[in-house]
1. Out of segment 106-119, which residues are loosely packed, with under 14 Cβ neighbours inside 10 Å and basic (K, R)?
2. Please state which one of A160, A122, A135, A183 is modelled with pLDDT of 90 or more, surrounded by fewer than 17 Cβ atoms within 10 Å (Cβ to Cβ) and either among the aliphatic types (A, V, I, L, M) or closer than 20 Å to L263 by Cβ (or both).
3. Is it true that some residue in segment 163-173 is under 21 Å from the mean Cα position of the chain (by Cα), surrounded by fewer than 21 Cβ atoms within 10 Å (Cβ to Cβ) and of a type in the set (K, R)?
4. So A142 clears everything in (1) within 19 Å of N218 (Cβ to Cβ); (2) crowded, with 19+ Cβ neighbours inside 10 Å except one condition, right? Which one?
5. Give segment 198-218 a look and list any residue that's under 22 Å from S11 (Cα atoms), of a type in the set (A, V, I, L, M) and in a loop (DSSP other than H, G, I, E, B), or say none.
6. When you go through R175, R134, R194 one by one, which is the residue that is assigned by TED's automatic domain parsing to the domain that holds V229, under 18 Å from K226 (Cβ atoms) and either of a type in the set (K, R) or in a loop (DSSP other than H, G, I, E, B) (or both)?
7. Looking at (1) closer than 24 Å to W221 by Cα; (2) modelled with pLDDT of 90 or more, which one does N22 not meet, given that it meets all the others?
Amino acid sequence: MARDLIREYLSYIQVEKGLSANSLVSYRRDLEKLRKWADSGGRHVEELDKGELSQWVMSLSRGGLGPRSLARAISTARGFYHFLLLDGHRTSDPTDDLISPQTPQKLPRFLSQDEMEKLIHAPDTSTPEGVRDRAIIELLYATGLRVSELVSLTTAQLDADQGLLGCSGKGSKQRKVPVGKSALFWLAQYGGARRKLLAGRESLRLFVGRSGQPLHRNSVWASLKKHAVTAGVRGVSPHVLRHTFATHLLDHGADTRSVQAMLGHSDLATTQIYTHVTSERLRATYERCHPRAYRGAGAADDAVD
């Protein structure tokens, strides 16, 4: 029986990005349209080339799809074919030069510092699982790791003495990320909890479940959801913690190039979206707090030389 690669991709992004049910429906709808279009031409969706995908985009446009919906469909296709490339189903990405209409950029969701503190303290650290989850939340917030990077970590990749973590990102790109003292403290506490979870077994993976098996990204996502409910914080996912890491760094004066290196972005433009976030927050703070933010400029009674 042939593998349903669209279904596998949807499962992957649900965990990797913590998408809502409505977002998943949109992704599924776009990819099913693409599959139906491929089927009509006697092709498998995973085999389409750049020319065929350009024809698909034109068919959507001729069918009356608006610019925003068209951009979303193209973005969905890009993500799908990038997944196929990373997973070894393709040797090239046919969406590399696929043109997308310009639409307003959606700013990433992130947690406030108060929300982050509540989430950090949500796990019950009297249990091995609670200590592990506290260490995971601390580490995600301290490093901005993707959940796929987190669950693939080995014990050898953590250099506690230097406060550095080595990880393998997208495209197997290697990078070193600093780890703060709070995360290092809880990783040290997790050492004893990890031995209890392993119960005499051995594992190269840093994070494990009670059975001693490597922790799956689904488990990380589910644990975060559970602790978010306890903390009373909405919209939490591993990717939201990645956004939070970057936003809080920039809020406190980090330069964009450094944040780019820590996130493992190959393109600075990807990182610069977080500067838009901080600019929006500065504007909102100014308009909320400055006594003359809403007054008309140049009023006669306010004029000065």
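1. K106
2. Matching residue, one of A160, A122, A135, A183: A160.
3. yes
4. The one condition A142 does not meet is (1).
5. Going through segment 198-218, the residues under 22 Å from S11 (Cα atoms) turn out to be 207-209, 213-218.
Retained after the next criterion (residues that are of a type in the set (A, V, I, L, M)): 208, 215.
Selection gives L215 alone.
6. The conditions single out R134.
7. So the condition that N22 fails would be (2).
Okay, residues lined up against (1) touching a Leu at 6+ places or on another chain (Cβ under 6 Å); (2) of a type outside the set (S, T, Y):
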{"position": "Q162", "(1), (2)": "no, yes"}
{"position": "G166", "(1), (2)": "no, yes"}
{"position": "L197", "(1), (2)": "no, yes"}
{"position": "E202", "(1), (2)": "no, yes"}
{"position": "W221", "(1), (2)": "no, yes"}
{"position": "V233", "(1), (2)": "yes, yes"}
{"position": "T244", "(1), (2)": "yes, no"}
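The values are calculated or read from the model by the stated rules, or taken from the named source; none is laboratory data. The structure displayed is predicted, hence computed values, not measured ones. All Cβ positions, glycine included, derive from the backbone under ideal geometry; neighbour counts span all protein chains shown.
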